Amino acid sequence: MSVLALKNVTYKYEGASKTVLKGIDAEFKAGKVYTIVGKSGAGKSTLLSLIAGLDVSTGGEILYSGENLKTINRDDYRAKSIGVIFQSFNLLLTATAVENIILSMNISGSREKDKKAYTYALLQKVGIDRETADRKVLKLSGGEQQRVGIARALSHDPDIIIADEPTGNLDRDTAAEILKILTSLAHNDGKCVIIVTHSRNVTSVADEIWGISDGKLISVKHH
Amino acid sequence: MYILQNAFRNVLRNKGRNALIGTIIFVIIVSTVVALMINNTTGNIIDDYKSRFASVVSIVPNMDRMREEAMKNSEGGRVRVQAPIIPSEQYMEFGNSEYLYNAVYRASTAINCDDIKAIDTDLGGQPMQGTVFVNGEAIVPTSFMFSLQGNKFEDFKEGLRDLAEGRMPESLNECIISSDLAELNGISVGDTFSFTSEIVFKGSSSMTDNQIFETRYELTVVGIYYDATNEYTMGGRKNAYTNRRNEILTTYETVIVPFVPDHNGITVSATYYVENPDMISAFAEELYAKGLSPIFDVKTDESSYNKIIGPVEGLRSISITFMIIVLIFGGVIIALLSSIAIRERKYEIGVLRAMGMKKHKVAFGLWSEMLIITCLCLVIGLSIGTLVAQPVTNVLLAQQIEAAQSAVSTPGMAGGMMMASAGTMSTSPSVTPLSEIDILLGMNTVLQIIGIALLLATFAALISISRITKYEPIKILMERN
């Protein structure tokens, strides 16, 4: 059964004449890595923001475990069911890496007893040592911030992980490490990983590749 | 709980911005503490003086109206200016008013006793009536040696009289006497004596059909007091009756037992206390309607009140005006600062909302931050405000007194004042304005300051909250990106 299903999803920006997304149908399953590719302005990030519950489609429906996102509490959906890795990280810059992640866990209502220990372990898993974890995000490199972003997305153990150009700001080695983490999350931990990207390296690890063109989603590669 | 923890951290994370907002709130709180302390302390002083000066009713003859009346009634060019007498029954009637919270009556009459010898008997007594005609014949008026005073105990409060033995009279027919009178006659507590008095009914026109009724008081001595008052009032006639050692003190109710309206012999006087000084006009209307001669003015002692309290009221007015100005300007500055601060924090709000934090929790977090800053300012502001309040008050009060003195130093404005209570007239000593006020931080003031501080924090937070709730997280993040 699909974790996430898009049925005839359309989207048009307020006041704009052009429809960005035109009747998109797709299904996303647990344990798989999906990549969505397309030209700049094709609507990749818009689709991602709809899936992430940050915006609402103007037509059609997005179903999470069979429930329409329009009818459920989208704050709770964002807090508990999905983890978003933003291209520009979107971390609290004056807080430390640890504080960012603990805050995310608190918002999701995590029942983890020792949140701090759990956070250090999680950061360790994505390659952030204890010293770096206690530094303000503002003082971390782009790669480190991206790792913190990934750790934050995983902190509340969501079913779906969405990543918007997760390797866009990273060097080749770091990008490879990040992709390894994401594929492991899908294949070993059974998460549904959806990655929006331009990168061929990223599409090479995908189980399914979707292309977006002229507002429509087309299956490019299907394992 | 995590929202509060995050709020605490945010206060420390953004030191510069919060220090700026904190400074403004601190200035507002210090100013408010000083203003409220002055306002509340002066308010209490004013209320106290109002109850002491402005609530006692004075019924005073108006000299201009007395002259006018005398001119009208003059015979053969001779003008006799004389204040009319307020009859005893009118004093009693005036006391039945809904405007009064209290009416204190006193009564007196002249008495004689066959079994007691008065002090200064050799100087003789005093007739209380003029020539009285009964059945057309002039009779020799009775000369009285003692006065029976009902409810005349103010000398005990002033320390001029003090109970030597026994107790004060409480019930009907109980009295106390001076130790001099007791020693002269060998009187002890518990002795009972019979006193006689006279009530005269004056005839209608011919003045020849007067009637004299003898009345009797059976009084038991329940106490003996030391008397340090002057035996004779200055300039008064000296005889046994006017000697104050011969005053028999009893209750008002005892004296008026034989009282009959429209009869002479028992004199009643009263002091009235209006519930609120603002009711004086309505009370005056009522008195005139009940038959008080229009020659009398009915008023409270406003001049003493104004002279003593005027500078304090000026100080209070300044403090309140100052507080309102500070609150308005401070509020505007805080609104602007909050507005600018929230623009800076738009990205942070967007991140929190993207993580799934609900709007009301974001709002609560912002409010908590403002509350933490305000509480900190409140503690420091209260301490510093309390220290500063007294010197500020001293300076402001000195300026007010100086201003008041320069205002009254014009010719004809200075000097003492006449003060008259119902039934008696006296000249009060020259009053001086309050020159010192001990400013205190009462619980009421603390609660008011906490209330204002909470309102400030809420106001500042509301400015921020009203702005952030207009944005969706995606819009905030897109703007940033």
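Odds and ends about this structure:
- Comparison of A:L138, A:L122 shows that the only residue that is closer than 25 Å to A:A30 by Cα, assigned to a helix (DSSP H, G or I) and either touching a residue at least 40 places away in the same chain (Cβ under 8 Å) or away from every other protein chain (no Cβ under 14 Å) (or both) is A:L122.
- Residue tally, condition touching a helix residue (DSSP H, G or I) at 6+ places or on another chain (Cβ under 7 Å) and within 14 Å of chain B (Cβ to nearest Cβ), over region A:19-51: 2
- The criterion of at least 3 residues that are more than 13 Å from A:D164 (Cβ to Cβ) is met by the following strands (runs of 3 or more DSSP E) wholly inside region A:8-92: A:19-29, A:59-64.
- The residue that is modelled with the highest pLDDT, counting only those in region B:255-279 that are surrounded by fewer than 20 Cβ atoms within 10 Å (Cβ to Cβ) and part of a helix (DSSP H, G or I), is B:M279.
- Taking (1) within 12 Å of another protein chain (Cβ to nearest Cβ); (2) of a type outside the set (S, T, Y); (3) buried (at least 19 other Cβ atoms within 10 Å of the Cβ) in turn, A:K80 satisfies each apart from (3).
- For region B:51-82, a tally of residues being modelled with pLDDT under 80 and crowded, with 16+ Cβ neighbours inside 10 Å returns 4.
- Filtered residue count, region B:328-366, keeping only those that are in a helix (DSSP H, G or I), within 14 Å of chain A (Cβ to nearest Cβ) and of a type outside the set (K, R): 14
- Taking region A:85-101 as the range and being surrounded by fewer than 24 Cβ atoms within 10 Å (Cβ to Cβ), in contact (Cβ under 8 Å) with a residue 40 or more places away in the chain and of a type in the set (V, I, T) as the test, the residues that pass are A:T94, A:T96.
- For the residues B:R316, B:R353, the requirement of being closer than 30 Å to A:L92 by Cβ, surrounded by 20 or more Cβ atoms within 10 Å (Cβ to Cβ) and basic (K, R) singles out B:R353.
- Residue in region A:66-73 that is of a type outside the set (D, E), touching a strand residue (DSSP E or B) at 6+ places or on another chain (Cβ under 6 Å) and more than 7 Å from every other protein chain (Cβ to nearest Cβ) present: yes
- Only one entry of B:A461, B:A457 meets the criterion of being touching a Leu at 6+ places or on another chain (Cβ under 9 Å), more than 18 Å from B:M357 (Cβ to Cβ), more than 14 Å from every other protein chain (Cβ to nearest Cβ) and part of a helix (DSSP H, G or I), and that entry is B:A457.
- Within this structure, B:N10 passes the test of being of a type outside the set (A, V, I, L, M, F, W, C), within 14 Å of another protein chain (Cβ to nearest Cβ) and part of a helix (DSSP H, G or I).
- Test: residue in region B:375-386 that is part of a helix (DSSP H, G or I), surrounded by 14 or more Cβ atoms within 10 Å (Cβ to Cβ) and either modelled with pLDDT under 75 or within 30 Å of the chain's Cα centre (by Cα) (or both): yes
- Of the residues making up region B:91-108, just one is without any contact (Cβ under 8 Å) to a residue 12 or more places away in the chain and either under 14 Å from B:I280 (Cα atoms) or of a type in the set (K, R) (or both), namely B:E98.
- Residues that are surrounded by fewer than 14 Cβ atoms within 10 Å (Cβ to Cβ) number at least 2 in the following strands (runs of 3 or more DSSP E) confined to region A:177-223: A:216-222.
- Any hit, region B:416-439, residues being assigned to a loop (DSSP other than H, G, I, E, B), small (G, A, S), buried (at least 17 other Cβ atoms within 10 Å of the Cβ) and at pLDDT below 65: yes
The values are calculated or read from the model by the stated rules, or taken from the named source; none is laboratory data. Model, not experiment: these values are computed from the prediction. A quick note on method: Cβ atoms are made from the backbone with ideal geometry, for glycine too, and the neighbour counts reach across all protein chains shown.
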